[in-house]
Amino acid sequence: MEIYTNHTFWVDEYLEDINPQKPRGKSYVITEFDVLIEDQPFKIFNPNHKEVNFLAIDKGLFLDLKEHPARCDFAVFDDTRFCFVESKKSTLGQRSKERKDAIKQLKSTIQLFQKKVNFTGFQVEAQVSLRAKKIYPRQNSNRQNDAKEFEDEFNVTLYENNTIEF
């Protein structure tokens, strides 16, 4: 777990060309980023410079083992809010499948955490981050139904976005 007070920071996944010593697909924090890159990583705004915790879950807290079900990528949280995030790169043809896979990963992670962690006093959220060079419309009745079912099942609000603000 790492703590950040930066005004803005980003979370991305290690690729072999970035750092060959790190596990491919493990989330990490970027504190300085080239904003001209089209396919931007998940962005965290922290205008009041609060302490925001970052926890790499997939290939971080949980190893990449066959017996471990798929987990979400990471969580960010402060003293009142806890957000699980699954980030997927997608194109228009892949968006629906990637979104369904992301929700499945969020569900399995939240189920495990809810068995082990008392979230009383926290606003718990889940975010699907579908990264793409072109932004596609995101709100429709299916997405609204998925969010309602997610909240009913886990008492967790489901969002689809590439940013969060603390």
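The values are calculated or read from the model by the stated rules, or taken from the named source; none is laboratory data. This one's a predicted model, so the numbers in the text were calculated from it and none came from an experiment. Cβ sites come from the backbone with ideal geometry, for glycine too, and all protein chains shown count toward neighbours. Surface accessibility is based on the protein's heavy atoms, side chains included, excluding ligands, DNA and RNA. Shrake-Rupley method; radii C 1.70, N 1.55, O 1.52, S 1.80 Å.
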In segment 152-162, residues that are charged (D, E, K, R) and either under 15 Å from Glu98 (Cα atoms) or within 17 Å of the chain's Cα centre (by Cα) (or both) total 1
Looking at (1) within 18 Å of Thr157 (Cβ to Cβ); (2) touching a residue at least 60 places away in the same chain (Cβ under 8 Å), which is the one condition that is false for Lys104? (2)
Quick check on segment 142-154. Is at least one of its residues out of contact with any Gly (no Cβ under 7 Å at 6 or more places or on another chain), modelled with pLDDT of 85 or more and in a loop (DSSP other than H, G, I, E, B)? no
Mind checking which pairs have a first residue in segment 111-125 that is closer than 14 Å to Cys83 by Cα and a second that is surrounded by 14 or more Cβ atoms within 10 Å (Cβ to Cβ), Cβ under 6 Å, 6 or more apart or different chains? Phe122/Phe82; Gln123/Arg81; Val124/Phe82; Val124/Val156; Glu125/Cys83; Glu125/Thr157
Restricting segment 31-52 to residues that are buried (at least 16 other Cβ atoms within 10 Å of the Cβ) and of a type outside the set (Lys, Arg), which is modelled with the lowest pLDDT? Gln40
Here the qualifying pairs (Cβ atoms under 6 Å; residues six or more apart or on different chains; first in segment 144-166 and under 17 Å from Ala75 (Cβ atoms); second open to solvent by 60 Å² or more (accessible area, probe 1.4 Å) and not in a helix (DSSP H, G or I)) come out as Glu165/Phe45; Phe166/Lys50
Please indicate, with yes or no, whether at least one residue in segment 94-111 is open to solvent by 50 Å² or more (accessible area, probe 1.4 Å) and in a loop (DSSP other than H, G, I, E, B). yes
